[in-house]
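Below is one structure; the comments refer to it alone.
The values are calculated or read from the model by the stated rules, or taken from the named source; none is laboratory data. None of the values given here were measured: they were computed from a predicted structure.
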Amino acid sequence: MTVHVSFDIDEAQKAELERIARHENITLQALMARLVEQRLEYDVWFKAGVQSGLDSLARGDSIPHDEAVARMRARTAELKAQKRSGILHGAQRWPPDPEQT
């Protein structure tokens, strides 16, 4: 069973959603349904991740702060080296540039 939901957005947001829908060749209604479904799926995923972390802590599966910091610094250095060498090209801009979509 589906239900009708209504909410207010500003004109710029509506225009952007319509642009995305046109780009994906779907209706605005279909885009909104997809966005709601993705958000609900994300919520389930996020809560499971938080619970997993809490369960790990309860079991004593953790590392000392200094070791966590050292790991993150090492990973950051690795990513910077990859970027300098051309292996890593950086994250995509979000939100994407409308001129390039």
Report task. Please specify each residue of region 25-46 satisfying the condition of being within 19 Å of the chain's Cα centre (by Cα) and assigned to a loop (DSSP other than H, G, I, E, B). Result -> none
Requested in this report: Read through the list (1) modelled with pLDDT of 95 or more; (2) on the phi > 0 side of the Ramachandran plot, then give the number of the only condition that residue 47 fails.
Outcome: (2)
Query raised in the report: Looking at region 1-24, which of the residues that are in a loop (DSSP other than H, G, I, E, B) and of a type in the set (A, V, I, L, M) is farthest from the chain's Cα centre (by Cα)?
Result: 1
